[in-house]
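The values are calculated or read from the model by the stated rules, or taken from the named source; none is laboratory data. No experiment lies behind these values; they were computed from the predicted model shown. Positions of Cβ are generated from backbone atoms using ideal geometry, with glycine treated the same way; all protein chains shown enter the neighbour counts. Areas reflect the complete protein model, heavy atoms only, side chains present, ligands, DNA and RNA absent. Shrake-Rupley method; radii C 1.70, N 1.55, O 1.52, S 1.80 Å.
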Amino acid sequence: MKRRVYDESDVRIRPGKPTRPRTKNRPEHRNADRAMVVSVDRGRWGCVLDNEDRFVIAMRARELGRTPIVVGDYVEIVGDTSGRPDTLARIIRLEDRSSVLRRTADDTDPYERIVVANAQKLLIVVAAADPTPRTGFVERALVAAYVGGIEPILCVTKSDLADPAEFTRHFDGLDLTIVHGGTHNPTEPILELITGQVTALIGHSGVGKSTLVNRLVPDASRAVGVVSGIGKGRHTSSQSVALRLPGGGWVVDTPGIRSFGLAHIEADDVVKAFDDLADVIEQCPRGCTHLGPPEDPECAFDTLSGAALRRALAVRVLLAALATNDSW
């Protein structure tokens, strides 16, 4: 057997490490454009540039990692911001949020889902009948709004089918604004409250939320078609989308919510959202859930009187909903 003869061409030398160290400095992107996120779908974010109607599709920059970016977020983007078909910009910064509406799938799920960011108002849409309104859902939505720093508004639709007075009486004492948004009701009272603001709409399927959106934003169907173009074959009702109001501001139409879990919220979080009650609970014993007797016989709420007591009793209704572990 003939032995093979090797020469220098058979020697393989592993290249050494480069002498120039890899920099960790990122570009500052001082010329980045500020934009609001109006839609999200499978790794692509639809953004509208500040003071413009230009719609830009963007991806998340690598340096942001898995940072959640949701409808309502204000971001800074670079790259191709022309908005032309088949162009793609890049989100490189996420601004701090002024408010956040969060929920969990149910009360046992520790994973928080951000419904919308930077909203000033939350329009909780319920039907007076068909489907029957649920006080538990409204109470939980109110809890999430108060804790998230958002002003809630209760909007009742289909009041021609039933008198909503008995239902709305459950929320006396909370100074909750109540409006009517059925097809026979004028939209002007609602527009006066939300024009110039970012307002999120939530509600169960079938309560007339989409009908209300179409009345508030006359070209809503066309606008949804534009901003949902980042997904192919995706039904628009399965994702949140922000639509510009004719008089200024935005409404964020969210998918019909099946449940509203509040696993991330504690009783004290709710009470501290009310300035006149935040100091009162300092007098409560440790571990007090503020539900009153027999659960909390020494709760400081019971020392109040007048308007403060009425407010405290209304807050107790919210705390009871939080304690029921019923997210529907």
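Applying a 4.7 Å Cβ-Cβ cutoff to the chain, the cysteines left without a disulfide-compatible partner are C47, C155, C299. Dividing the summed helix terms, -39500 (n - 2.57) for each DSSP H run of n ≥ 4, by the number of residues in the chain produces a 222 nm estimate of -5500 deg cm²/dmol to the nearest 500. Hey, any idea what % of the chain's accessible area is carbon plus sulfur with a 1.4 Å probe? Here it works out to 47 percent. Computed over the chain, the alpha-carbon pair-distance distribution with 20 angstrom bins reads 28, 47, 17, 5, 3, 0, each value a whole percent. The distance separating the Cα centre of the stretch 261-280 from that of the stretch 186-224 comes to 29 Å. Distance between the C-alpha centers of the stretch 92-115 and the stretch 38-57? Whole Å please. One Cα centre to the other: 20 Å.
What fraction of the Cα pairs in the stretch 271-328, stated in percent, has a spacing above 19 angstrom? Distances greater than 19 Å cover 23 percent of the Cα pairs.
When each full DSSP H helix of the chain is screened for a Cα extent of at least 20 Å along its own axis and an average Kyte-Doolittle hydropathy of at least 0.0, the helices passing are 306-323. Gyration tensor over the Cα atoms of the stretch 58-194: the corresponding equivalent ellipsoid has semi-axes (square roots of 5 times the eigenvalues, largest first) of 36, 19, 13 Å.
Average accessible surface for the chain: 56 Å² per residue, computed with a 1.4 Å probe over protein heavy atoms with every protein chain in place.
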